[in-house]
Amino acid sequence: MMKYVGEVKIRVRYAETDRMGYVYYGNYPTYYEVARTEVLRRLGMSYKQLEDDGYLLPIAKMNIEYYKPAYYDELLTIKVYLKYSKVKFEFEYHVYNSQDQLINKGYTLLVVTSAKTRKPTFAPKYFLDLLKSL
């Protein structure tokens, strides 16, 4: 079961649109990263802290579904949901346009790895405790 953890608003910049005036499809993974990073920061954890402590979170899997386009200067809302275990974090992203219509869904699976060995490892206890407290 995915647990809602927060949301981020992103305004579409002109450089992110294509010739049709739509957000170029390849920009959505960047939006997901911004949302994931900011939601974790608001919860009291940062990627930088994890990396400084010797952990990396590479993406092992990603899925994107497109329903409607987003446009230049539109304010998008990205709602972030999380499911986790000791070694993996599954994020689901629901992207809404200015009219509060669901326009895109995404999914990423991140695996906790050791920065030294680059092999899967358990997430640090302080990080798991933070998530349990939600």
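The values are calculated or read from the model by the stated rules, or taken from the named source; none is laboratory data. Everything quoted here is computed from the prediction, not taken from an experiment. When we count neighbours, we look across all protein chains shown, and the Cβ atoms used for this are built from the backbone with ideal geometry, even at glycine.
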Checklist outcome for this item: Note on the stretch 13-56: residues among the charged types (D, E, K, R) and within 30 Å of residue 125 (Cβ to Cβ) are 33, 36, 38, 41, 42, 48, 51, 52, 53
Next on the checklist: Being over 13 Å from the mean Cα position of the chain (by Cα), surrounded by 14 or more Cβ atoms within 10 Å (Cβ to Cβ), in a strand (DSSP E or B) and hydrophobic (A, V, I, L, M, F, W, C) is the requirement here; does residue 82 meet it?
Outcome noted: no
Checklist outcome for this item: Scanning the stretch 25-38 for residues that are over 15 Å from residue 75 (Cα atoms) and either surrounded by 13 or more Cβ atoms within 10 Å (Cβ to Cβ) or under 14 Å from the mean Cα position of the chain (by Cα) (or both) gives 29, 30, 33, 36, 37, 38
Checklist entry - How many residues does the stretch 56-79 hold that are loosely packed, with under 15 Cβ neighbours inside 10 Å, in contact with a Phe, Trp or Tyr (Cβ under 6 Å, 6 or more places away or on another chain) and not hydroxyl-bearing (Ser, Thr, Tyr)? => result 1
Next on the checklist: Of all residues being touching a Pro at 6+ places or on another chain (Cβ under 9 Å) and among the small types (Gly, Ala, Ser) in the stretch 80-134, which is farthest from residue 70 (Cα to Cα)? Just the residue, please.
Outcome noted: 114
Checklist entry - Is it true that residue 81 is in contact with a helix residue (DSSP H, G or I) (Cβ under 6 Å, 6 or more places away or on another chain) and in contact (Cβ under 8 Å) with a residue 24 or more places away in the chain? => result no
Checklist outcome for this item: All conditions in (1) more than 22 Å from residue 132 (Cα to Cα); (2) touching a strand residue (DSSP E or B) at 6+ places or on another chain (Cβ under 6 Å); (3) among the polar types (S, T, N, Q) are true of residue 117 except (2)
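Go through 84, 93, 47, 126 for me and flag whichever is at pLDDT 95 or above and among the hydroxyl-bearing types (Ser, Thr, Tyr). Spell out the reasoning first.
Details: 84 fails: at pLDDT 95 or above; 47 fails: at pLDDT 95 or above; 126 fails: at pLDDT 95 or above.
None of the other options fit; the residue is 93.
Search the stretch 1-21 for residues being surrounded by 15 or more Cβ atoms within 10 Å (Cβ to Cβ) and modelled with pLDDT of 95 or more, and hand back the single one that is farthest from residue 134 (Cα to Cα).
Of the residues in the stretch 1-21, the ones surrounded by 15 or more Cβ atoms within 10 Å (Cβ to Cβ) are 5-8, 10, 12, 16-17.
Next, from what is left, pick out any that are modelled with pLDDT of 95 or more: 7-8, 10, 12, 16-17.
Details: 7: 15, 8: 18, 10: 24, 12: 30, 16: 34, 17: 36 Å.
The qualifying residue farthest from residue 134 (Cα to Cα) is 17.
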Checklist entry - Looking only at residues in the stretch 60-74 that are in a strand (DSSP E or B) and not β-branched (Val, Ile, Thr), which one is nearest to residue 33 (Cα to Cα)? => result 62
